[in-house]
Amino acid sequence: MNDVSFASLLTPEGHALLDEVRGTEPAQELAVATRLRREHPAELVSAALGQARLRQRAVAKFGAEDAERMFFTPNGVEQSTRTTVATHRAQRLQERGVRSVADLCCGIGGDAIALARAGIRVLAVDRDPLTAAVARANADALGLADLIEVREADVTEVDTATYDAVFVDPARRGGRGRIFDPEAYSPPLSWAIGTALAAPLAALKIAPGIPHEAIPAEAEAEWISDGGDVKEAVLWFGTEPGLVRATLLPGPRVLRGRGLPDPAVRPVGRYLYEPDGAVIRAHLVAEVAEELRGGLVDETIAYITADELRPTPYATAYEITDRLPFGVKKLKALLRERGVGVLTVKKRGSAVEPEELRRKVKPQGPHAATVFLTRVAGAPTMLVGHPRPV
């Protein structure tokens with residue numbers, strides 16, 4: 001999609017076509033396109049069908065109601081913040097009295113939309129003409145144009161001095177895929193940090209895998225998961241320097257770091273706890289282990305074991321029924337004996353692929369079980385059990 005074909009979608013004819021192709025299944029596209037091209041320009045039909053596909057993909061991030069009204073680019077769907085996470089961040093800013101935000105590298109406007117819905121005035125900046133046009137169209141489509149000003153510009157040349165806060169989301173993907181060197185971000189991480197430090201309050205979106213040693217001393221670091229999946233990390237400036245937190249959505253449930261030492265390794269108890277990914281990324285397993293009165297199964301593995309079942313939002317509990325040294329034959333025999341036909345395979349510290357193991361053991365029967373492929377005190381081990389909701 002180019003600037004011209006996108007502009008054509010914003011015309012009355014384009015809007016009518018978007019309504020007509022809504023919900024078109026992939027198998028129907030050719031027939032629908034052939035029919036519509038008899039009455040509409042081929043480029044417009046292609047743009048409408050492409051937008052319909054993108055809207056279907058975007059439902060997972062934005063919900064059906066918004067996704068069916070918004071406009072997207074392929075990169076925009078891939079890289080935009082999901083609504084739940086953007087709303088959480090906007091609420092944090094709102095709670096600190098922020099009334100205006102400079103959203104730098106705004107993309108298609110996902111964060112700007114959440115900020116505006118929190119009553120915050122937004123300057124949304126992106127240097128790509130098509131992306132900026134899409135962000136502007138989204139502000140219009142959702143009735144937020146009075147609060148969102150979209151500017152096509154190089155973010156490094158934008159004066160943010162009059163804004164209460166700055167939000168920066170550097171591009172972490174290039175022509176060859178994901179970028180791992182922070183200085184290869186666009187703009188570079190060093191520029192983003194400098195801009196954040198100069199603002200009264202700032203949030204800087206970064207990759208969840210950032211090394212902790214790369215986090216500036218002036219920043220608060222927050223890892224966010226949604227429904228158990230880690231979505232992003234954010235460096236906050238002007239909040240609580242040095243704090244590390246894990247935020248679990250929905251909720252939010254917030255676990256604050258207290259600088260605890262690594263938990264001790266102990267024998268496998270009756271229960272195994274799998275910490276949420278945000279807890280692991282934030283290096284807060286020790287805080288959860290203390291809450292559960294447990295220890296680690298291995299000094300390098302983020303599984304917590306304990307003798308008692310305790311409620312926690314920060315980890316999933318499993319009751320362990322069997323512990324075996326690693327071996328496919330032994331596991332296959334145990335599962336056959338227990339009549340296990342539904343097998344969930346989890347691994348941490350093992351090179352074995354779950355699908356490969358499931359194929360080899362060929363589970364059959366009416367029962368379900370979970371097997372953990374891991375290390376216990378350095379030895380390859382299989383722990384078998386089942387979830388225990390608390």
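The values are calculated or read from the model by the stated rules, or taken from the named source; none is laboratory data. Because the structure is a prediction, the values reported are computed rather than measured. Every residue, glycine among them, receives a Cβ derived from its backbone with ideal geometry; neighbour counts consider all protein chains shown. We work out accessible area using only protein heavy atoms, side chains counted, and drop any ligands, DNA or RNA first. Shrake-Rupley method; radii C 1.70, N 1.55, O 1.52, S 1.80 Å.
Do we find a residue being part of a strand (DSSP E or B) and touching a residue at least 12 places away in the same chain (Cβ under 8 Å) anywhere in segment 324-336? Break it down stepwise before answering.
Step one: of segment 324-336, the residues part of a strand (DSSP E or B) are 324-325.
The next check asks that each one be touching a residue at least 12 places away in the same chain (Cβ under 8 Å); those that pass are 324-325.
Yes: one or more hits.
If you scan segment 50-78, which residues turn out to be in contact (Cβ under 8 Å) with a residue 60 or more places away in the chain and not aromatic (Phe, Trp, Tyr)? Full working, then the answer.
Here is the first cut: in segment 50-78, the residues in contact (Cβ under 8 Å) with a residue 60 or more places away in the chain are 66, 69-73, 75, 78.
Selection gives 66, 69, 70, 73, 75, 78.
Identify, by number, the condition in (1) crowded, with 17+ Cβ neighbours inside 10 Å; (2) without any contact (Cβ under 8 Å) to a residue 40 or more places away in the chain; (3) not in a helix (DSSP H, G or I) that residue 351 doesn't meet.
(1)
Could you please let me know if residue 371 is loosely packed, with under 15 Cβ neighbours inside 10 Å, within 27 Å of the chain's Cα centre (by Cα) and under 21 Å from residue 270 (Cβ atoms)? Give the steps one after another, and end with the answer.
Working: loosely packed, with under 15 Cβ neighbours inside 10 Å: no; within 27 Å of the chain's Cα centre (by Cα): yes; under 21 Å from residue 270 (Cβ atoms): yes.
It is false that residue 371 is loosely packed, with under 15 Cβ neighbours inside 10 Å, within 27 Å of the chain's Cα centre (by Cα) and under 21 Å from residue 270 (Cβ atoms).
Only one of (1) over 30 Å from residue 319 (Cα atoms); (2) out of contact with any helix residue (DSSP H, G or I) (no Cβ under 6 Å at 6 or more places or on another chain); (3) open to solvent by less than 20 Å² (accessible area, probe 1.4 Å) fails for residue 194. Which number is that?
Of everything listed in (1) over 30 Å from residue 319 (Cα atoms); (2) out of contact with any helix residue (DSSP H, G or I) (no Cβ under 6 Å at 6 or more places or on another chain); (3) open to solvent by less than 20 Å² (accessible area, probe 1.4 Å), residue 194 misses just condition (3).
Which ones in segment 22-46 are open to solvent by less than 20 Å² (accessible area, probe 1.4 Å) and not in a helix (DSSP H, G or I)? Don't jump to the end; show me each part of the working.
Filtering segment 22-46 for residues open to solvent by less than 20 Å² (accessible area, probe 1.4 Å) gives 24, 33, 36, 44-45.
If the condition is that a residue be open to solvent by less than 20 Å² (accessible area, probe 1.4 Å) and not in a helix (DSSP H, G or I), then 24 is the only one that fits.
So residue 260 ticks every box in (1) touching a helix residue (DSSP H, G or I) at 6+ places or on another chain (Cβ under 6 Å); (2) surrounded by 23 or more Cβ atoms within 10 Å (Cβ to Cβ) but one. Which box is left unticked?
For residue 260, the exception is condition (2).
Among the residues of segment 1-21 satisfying the criterion of being at pLDDT below 90 and assigned to a loop (DSSP other than H, G, I, E, B), which is farthest from residue 65 (Cα to Cα)?
For segment 1-21, the residue satisfying everything is 2.
Do any strands (runs of 3 or more DSSP E) lying entirely in segment 193-293 carry at least 3 residues that are of a type in the set (A, V, I, L, M, F, W, C) and within 19 Å of residue 105 (Cβ to Cβ), and which ones are they? Walk me through it before giving the result.
Details: elements: 202-206, 219-226, 229-237, 244-249, 253-256, 271-275.
Hits in segment 193-293: 202-206, 229-237.
Exactly one condition in (1) open to solvent by less than 10 Å² (accessible area, probe 1.4 Å); (2) out of contact with any Lys or Arg (no Cβ under 7 Å at 6 or more places or on another chain); (3) not in a loop (DSSP other than H, G, I, E, B) is not met by residue 65; state its number.
Single failed check for residue 65: (1).
What tally of residues in segment 299-356 results from selecting those that are of a type in the set (A, V, I, L, M, F, W, C) and under 27 Å from the mean Cα position of the chain (by Cα)?
To start, the set of residues in segment 299-356 that are of a type in the set (A, V, I, L, M, F, W, C) comprises 301-302, 304, 306, 309, 315, 317, 320, 324, 326, 328, 331, 333-335, 340, 342-343, 345, 351-352.
When the remaining residues are screened for being under 27 Å from the mean Cα position of the chain (by Cα), the result is 301-302, 304, 315, 317, 343, 345, 351-352.
Looking only at that region, the number is 9.
Report the residue count in segment 294-305 for those that are touching an Asp or Glu at 6+ places or on another chain (Cβ under 9 Å), open to solvent by less than 40 Å² (accessible area, probe 1.4 Å) and either part of a loop (DSSP other than H, G, I, E, B) or of a type in the set (A, V, I, L, M) (or both).
Initially, segment 294-305 is screened for residues touching an Asp or Glu at 6+ places or on another chain (Cβ under 9 Å), giving 294, 296, 299, 302-304.
Filter once more, keeping what is open to solvent by less than 40 Å² (accessible area, probe 1.4 Å): 294, 296, 302-304.
Adding the requirement that they be either part of a loop (DSSP other than H, G, I, E, B) or of a type in the set (A, V, I, L, M) (or both) leaves 294, 296, 302, 304.
Residues that pass the stated criteria total 4.
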